[in-house]
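The values are calculated or read from the model by the stated rules, or taken from the named source; none is laboratory data. All values reported here derive from a predicted model rather than from experimental measurement. A quick note on method: Cβ atoms are made from the backbone with ideal geometry, for glycine too, and the neighbour counts reach across all protein chains shown. Heavy atoms of the whole protein, side chains included, go into the accessibility calculation; ligands, DNA and RNA do not. Shrake-Rupley method; radii C 1.70, N 1.55, O 1.52, S 1.80 Å.
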Amino acid sequence: MITFANGQTIGYDDVGSGTPVLFLHGFPHNRSLWSAQLGALAAPARTISMDLRGFGESGAGAHDGVDGYADDAAALLDVLGIERAVVAGLSMGGYATFAFWRRHRARIRALVLCDTRATPDSDAQRAARREMQALVVERGSMAVANQMITGMVGKTTRAKHPELADELHRMVSLAPLEGVLGALDALMTRPDSTPTLATIDVPTLIVVGDEDALTPVADARAMHLAIAGSRLEVIAGAGHVSNMERPATFNHVLSEFLVSLTAQ
Ligand code: MLT
């Protein structure tokens with residue numbers, strides 16, 4: 001589906017009824033990253049995925065970094081008539097989730113932080129982002145997909161489910177230039193979210209694949225220690241896109257978390 005909110009077009013899907021869960025994808029994905037979650041949770045849930053600015057069917061608009069992504073997400077909740085949602089972000093979607101918390105915390109029922117981290121880019125990472133911007137301008141998103149795919153999925157997926165790696169490669173290779181350039185700006189300018197962690201006072205689930213090479217288990221443990229009462233789930237045999245690589249386990253863990261919310 002497509003709507004217009006916060007001054008631009010937003011592509012989204014909205015499936016099921018129950019606790020609203022808004023899913024934010026990583027870099028440089030689109031909302032199809034969450035296909036295995038939409039309408040597939042055992043807990044009663046209204047599952048919503050959206051394309052972040054410049055990806056999928058969402059307009060590129062002016063780029064305001066992770067804050068812009070967060071404001072688009074809040075505007076989508078307005079359009080859908082949802083006051084409070086569980087916000088689930090993977091990697092860059094997690095960075096946007098921290099921004100969402102800082103800017104719209106009254107809209108958040110609970111948080112799910114998937115394969116992400118609170119720390120900002122190092123100087124070396126920023127330099128690599130600028131190199132990737134040059135690469136995508138020169139050779140397109142296919143070159144980005146070629147460069148990223150090995151680190152993005154775990155070794156178990158590469159060995160046992162090469163079709164999933166192919167699906168992700170296709171998704172990345174189709175990412176629009178404007179979206180990729182804007183996201184790389186958002187990634188390298190994102191603030192340090194470490195001080196944000198101590199302010200989080202809603203139920204929080206942290207999920208990470210044990211083979212995640214981009215945001216490893218140590219990053220997840222650090223967030224777990226800093227967010228009071230948070231729950232950490234390490235998914236065996238998954239890399240950086242744990243929801244896509246081990247969907248049954250991921251959905252089980254997320255469903256249990258959602259049920260625990262309704263019991264509170
Ligand atoms: C992502 O999956 O969103 C990216 O790997 C995040 C990053 O590069 O920091």
> Looking at this structure, is G209 open to solvent by less than 70 Å² (accessible area, probe 1.4 Å), more than 22 Å from R53 (Cα to Cα) and at pLDDT 95 or above?
Replying inline: yes
> Is one or more of the residues making up segment 149-160 surrounded by fewer than 18 Cβ atoms within 10 Å (Cβ to Cβ) and under 12 Å from C114 (Cα atoms)?
Replying inline: no
> Consider L38 against the criteria (1) more than 17 Å from R109 (Cβ to Cβ); (2) under 13 Å from the mean Cα position of the chain (by Cα): it satisfies all of them except one. Which criterion is unmet?
Replying inline: (2)
> What do you reckon, is A60 within 16 Å of the ligand (Cβ to nearest atom) and either in contact with a Lys or Arg (Cβ under 7 Å, 6 or more places away or on another chain) or open to solvent by 10 Å² or more (accessible area, probe 1.4 Å) (or both)?
Replying inline: no
> Any idea how many residues of segment 212-236 are touching a His at 6+ places or on another chain (Cβ under 9 Å), farther than 16 Å from T97 by Cα and surrounded by 20 or more Cβ atoms within 10 Å (Cβ to Cβ)?
Replying inline: 1
>> So in segment 244-264, with the set limited to residues that are polar (S, T, N, Q) and out of contact with any strand residue (DSSP E or B) (no Cβ under 6 Å at 6 or more places or on another chain), which one is most open to solvent (accessible area, probe 1.4 Å)?
In response: Q264
>> For the condition surrounded by 24 or more Cβ atoms within 10 Å (Cβ to Cβ) and within 15 Å of the ligand (Cβ to nearest atom), what is the one hit in A118, A124, A88?
In response: A88
>> Can you pull out every residue in segment 207-233 that is of a type in the set (A, V, I, L, M, F, W, C), part of a helix (DSSP H, G or I) and closer than 23 Å to N251 by Cβ?
In response: V217, A220, M223
> For segment 27-42, how many residues are surrounded by 19 or more Cβ atoms within 10 Å (Cβ to Cβ), of a type in the set (A, V, I, L, M, F, W, C) and either more than 24 Å from A186 (Cα to Cα) or more than 16 Å from the ligand (Cβ to nearest atom) (or both)?
Replying inline: 2
> Of the conditions (1) without any contact (Cβ under 8 Å) to a residue 40 or more places away in the chain; (2) farther than 27 Å from V153 by Cα; (3) of a type outside the set (V, I, T), L38 fails just one. Which one is it?
Replying inline: (2)
> Among the residues of segment 88-126 satisfying the criterion of being of a type in the set (D, E) and touching a residue at least 24 places away in the same chain (Cβ under 8 Å), which is nearest to A228 (Cα to Cα)?
Replying inline: D115
> What number of residues within segment 96-115 are open to solvent by 10 Å² or more (accessible area, probe 1.4 Å) and within 15 Å of the ligand (Cβ to nearest atom)?
Replying inline: 0
> How many of the residues making up segment 71-84 are buried (at least 23 other Cβ atoms within 10 Å of the Cβ) and either within 15 Å of the ligand (Cβ to nearest atom) or closer than 22 Å to N251 by Cβ (or both)?
Replying inline: 1
> Taking into account only those residues within segment 142-175 that are β-branched (V, I, T) and within 13 Å of R246 (Cα to Cα), which is farthest from the chain's Cα centre (by Cα)?
Replying inline: T156
> Which of the residues belonging to segment 127-144 are open to solvent by 60 Å² or more (accessible area, probe 1.4 Å) and in contact (Cβ under 8 Å) with a residue 12 or more places away in the chain?
Replying inline: R130, V137, M142
